[in-house]
């Protein structure tokens, strides 16, 4: 997002103040060097994928508001363009969740025949659902949008995709709902960004404001290092998310944990609303943050040993999922070459190469020739779906999930 706000830096070039509350009471909790700065870019071949730009991760925890962020982030380092391929829409599991989410918002907030804006709309799939199910008129803004992908699909006539970065002037009209899904975690100056969104709301209107982000409390509790990668520079728990929205001038209405506790969703508006009755999670977050590095190291060592043992036994190993989790998982392995195949059901990713390691991305139909013995699922929520796909292909591999 092109919210170019200078952030105070220390002598070591780390961000010195919390981007969500301004506090300088920061503690470093996790570090990883030399990781790909772009995990979802499509590279045509291994040589290009190996040349991906790299950066460092230095997670800092703010004692003031509980926010966690990469203090070593270089704004603008990650590429968000037509080469960025992040969609999960080819998964029946995700599509079912997406449809239920859109239906719930439409029913509870009477979003029918309304004006909807989505900031960071990706390929426009959620807006298409809001159009199809509620006949809403939808505008989506995202530099990685491909307007041609939805051409001719039912409801597309009411959806306008703008392949640009968000800027305030693009929101200068009255919207009944403002949606921002899986985008805030990519933004460094979180408070400044939310204030820009708030200032763009037409005075006198009370739109639904709906944001969805990864749930950092689950990441901390599970030491889910596969969910710590360069593009995700901002990590929120329910408490730090509510505090940020309040500071930016919004009235939070509710916060939910969804998708097997992987996602946080917040609904808010402007104007007066009863304060949310929720426990202060800062002490819990601080305790989990303090032990994160050690628990991640132990988990990484366990996976490295498991993969090394399988490779030494002559077993063929594949991972299922080629997105950011897979890039992070491979980057943490001492010997990524022990992974023989990377599988993805998204046809737009097949035939390309993994950033950082150069692994070829193949489709499920290629497994008949590969015949893996061990398939490691990058997201456990898809384990049953993948097990069915493997069974349908006649592949009797062991399945393990992160």
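The values are calculated or read from the model by the stated rules, or taken from the named source; none is laboratory data. Small disclaimer: the values here were computed from a predicted structure and weren't measured. Please note: Cβ atoms are built from the backbone with ideal geometry, for glycine as well, and neighbour counts cover all protein chains shown.
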Quick one: which residue in 253, 241 is under 21 Å from the mean Cα position of the chain (by Cα) and modelled with pLDDT of 95 or more?
-> 241
Filtering the stretch 316-325 for residues that are over 14 Å from residue 395 (Cα atoms), in contact with a helix residue (DSSP H, G or I) (Cβ under 9 Å, 6 or more places away or on another chain) and either assigned to a loop (DSSP other than H, G, I, E, B) or without any contact (Cβ under 8 Å) to a residue 40 or more places away in the chain (or both) leaves a count of 1
Residue count, the stretch 146-180, condition under 13 Å from residue 116 (Cα atoms), at pLDDT 95 or above and either in contact with a helix residue (DSSP H, G or I) (Cβ under 6 Å, 6 or more places away or on another chain) or part of a helix (DSSP H, G or I) (or both), comes to 3
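What are the residues in the stretch 103-115 that are outside any helix (DSSP H, G or I) and either in contact (Cβ under 8 Å) with a residue 12 or more places away in the chain or in contact with a strand residue (DSSP E or B) (Cβ under 6 Å, 6 or more places away or on another chain) (or both), if any? Lay out the reasoning, then the answer.
So in the stretch 103-115, the residues outside any helix (DSSP H, G or I) come out as 110-115.
Result: 111, 112, 113, 114, 115.
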Contacts under 8 angstrom Cβ, first residue in the stretch 76-102 being on the phi > 0 side of the Ramachandran plot and in a loop (DSSP other than H, G, I, E, B), partner surrounded by fewer than 19 Cβ atoms within 10 Å (Cβ to Cβ) and at pLDDT 95 or above, 6 or more apart = none
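Conditions tested, residue by residue: (1) surrounded by fewer than 21 Cβ atoms within 10 Å (Cβ to Cβ); (2) within 22 Å of residue 322 (Cα to Cα).
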| residue | (1), (2) |
| --- | --- |
| 186 | yes, yes |
| 190 | no, no |
| 194 | no, no |
| 199 | yes, no |
| 203 | yes, no |
| 209 | no, no |
| 221 | yes, no |
| 234 | no, yes |
So residue 394 clears everything in (1) in contact (Cβ under 8 Å) with a residue 12 or more places away in the chain; (2) in a loop (DSSP other than H, G, I, E, B); (3) within 24 Å of the chain's Cα centre (by Cα) except one condition, right? Which one?
-> (3)
Which residue pairs have Cβ atoms under 9 Å apart, sit 6 or more places apart or on different chains, and have a first residue in the stretch 154-172 that is on the phi > 0 side of the Ramachandran plot and touching a residue at least 24 places away in the same chain (Cβ under 8 Å) and a second that is in a helix (DSSP H, G or I) and surrounded by 15 or more Cβ atoms within 10 Å (Cβ to Cβ)?
-> 155/127; 155/128; 155/129; 155/130; 155/131; 155/132; 155/133
Would you say residue 122 is in contact (Cβ under 8 Å) with a residue 60 or more places away in the chain and either under 20 Å from residue 85 (Cβ atoms) or in a helix (DSSP H, G or I) (or both)?
-> yes
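Give the residue, chosen from 339, 376, 345, that is surrounded by 15 or more Cβ atoms within 10 Å (Cβ to Cβ) and over 19 Å from residue 304 (Cβ atoms).
On the way: 339 fails: over 19 Å from residue 304 (Cβ atoms); 376 fails: over 19 Å from residue 304 (Cβ atoms).
Of 339, 376, 345, the one residue that is surrounded by 15 or more Cβ atoms within 10 Å (Cβ to Cβ) and over 19 Å from residue 304 (Cβ atoms) is 345.
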